[in-house]
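Engineer: My structure is below; once you've seen it, I'll send some questions.
The values are calculated or read from the model by the stated rules, or taken from the named source; none is laboratory data. What you are looking at is a predicted structure, and each value in this text was computed from that prediction instead of being measured. Please note: Cβ atoms are built from the backbone with ideal geometry, for glycine as well, and neighbour counts cover all protein chains shown. Heavy atoms of the whole protein, side chains included, go into the accessibility calculation; ligands, DNA and RNA do not. Shrake-Rupley method; radii C 1.70, N 1.55, O 1.52, S 1.80 Å.
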Amino acid sequence: MPTQRHDDQGKSGATNPSARTTVKVIGDRGAYDTDTIYAILDEALLCHVGFVDADQPFVIPTIHIRIGDQLYVHGSPASRMIRRLCDGVAVCITVSILDGLVLARSMFHHSMNYRSVVVLASGTPVTDREHKLDVLKALSDNVIRGRWSEARQPSVKEVNGTAIVGFPLHEASAKIRSGPPTDADSDMALPVWAGVIPVTLTAGAPVPAPDQDPPVAVPAYATEYARS
């Protein structure tokens, strides 16, 4: 099951890299086009939201969804993170996907292949009920397509008890490393194996809930689950 893109603009473009989002170290690994940034955001299942509350920095892992040029996160209105996000505090949202372990001939040149995105923004709470439902459905479809139409839909109380905050993707950048190790010329003759160990996210066999009575057939979206 490939991941689902949520680009309702239907065309590629570019963000405007600022001094804060321009990649400084190994700058040629930076990317600022929306096709690259959006694809990484869409494939990643988790993001990390960094913010400051009462002079204390926090970085909280959560799930996200991109719809067009907006990135959304959700949670309990009582949570510290959601309260601060609803207040419009400046945040740094990051996602990363590990693609491989890069083994060089020297320890100094060992690395990892990865795709990452950094987003800098302030959020706006989503208050319209239908908009909330649209975001929640898109989130469900991105995590596991087909589940939304099969499971019970959120009740009015559940929707009211869920806070959603949207962030514009106007200030964002990607950083990507791919390919083999880069060894120093003086190390090339060393009798040490060098190369890349690919790393992918794979799903195991679905495990039914122990209280499933009577038994229900496992849906194809569970048995065939995969991320692109």
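Engineer: Near residue 53, within a Cβ-to-Cβ distance under 13 Å, what is the net charge of the other residues, with Lys and Arg +1 and Asp and Glu -1?
Structural biologist: +1
Engineer: Compute the orientation-averaged projected area for the chain from the convex hull of its Cα atoms and round it to one decimal in nm².
Structural biologist: 16.7 nm²
Engineer: When the chain is fully extended, how far beyond the present Cα-Cα distance does residue 152 get from residue 177, taking 0.36 nm per residue of separation?
Structural biologist: Contour length minus Cα-Cα distance gives 4.9 nm.
Engineer: For segment 142-214, state which GluC sites (Glu not before Pro) are in a DSSP loop and have at most 14 other beta carbons lying within 10 Å of their beta carbon.
Structural biologist: 150
Engineer: If you roll a 1.4 angstrom probe over the protein chains with everything in place, what fraction of the accessible area of segment 169-208 belongs to carbon and sulfur, to the nearest %?
Structural biologist: Whole-percent figure for carbon plus sulfur exposure: 64.
Engineer: About the Cα centre, and with charges only on the beta carbon of Lys, Arg (+1) and Asp, Glu (-1), how big is the dipole of the chain? Nearest 20 debye, please.
Structural biologist: Dipole of the chain, to the nearest 20 debye: 260 debye.
Engineer: Moving to a separate point now. What list of ³J(HN,Hα) couplings, whole Hz, do you get for segment 137-154 from phi and the Karplus terms 6.51, -1.76, 1.60, once you set θ to phi - 60° and write x for glycine and proline?
Structural biologist: 5, 4, 4, 4, 4, 6, 6, 8, 5, x, 6, 4, 6, 9, 7, 4, 6, x
Engineer: Please list, in order, the residues from segment 100-140 whose amide nitrogen is less than 20 Å from a point placed 7 Å along the Cα→Cβ vector of residue 19.
Structural biologist: Inside the label zone: 118-122.
Engineer: Please give every one of the aspartates and glutamates within straight-line cross-link reach of residue 157, meaning a C-alpha to C-alpha distance under 17 Å, and leave out same-chain neighbours fewer than 8 residues apart.
Structural biologist: In chain and number order, the partners are 128, 130, 134.
Engineer: A further question follows. Which three extents, in angstrom, do the Cα atoms of segment 148-228 have along their principal axes, listed largest first?
Structural biologist: The Cα atoms of segment 148-228 stretch 66, 41, 18 Å along the principal axes, largest first.
Engineer: Here's something else I'd like to know. Tell me what the chain gives for mean residue ellipticity at 222 nm when only DSSP H runs of n ≥ 4 count, each as -39,500 (n - 2.57), the sum divided by the residue total, rounded to 500 deg cm²/dmol.
Structural biologist: The per-residue figure over the chain is -5000 deg cm²/dmol.
Engineer: Now for a different question. Students often get this wrong: which residues of segment 76-97 have the backbone nitrogen under 16 Å from the point 7 angstrom along Cα-to-C-beta of residue 122?
Structural biologist: 83-93
Engineer: Could I ask something else about it? Of all accessible surface on segment 32-148 at a 1.4 Å probe, what whole percent is carbon and sulfur?
Structural biologist: 59 percent
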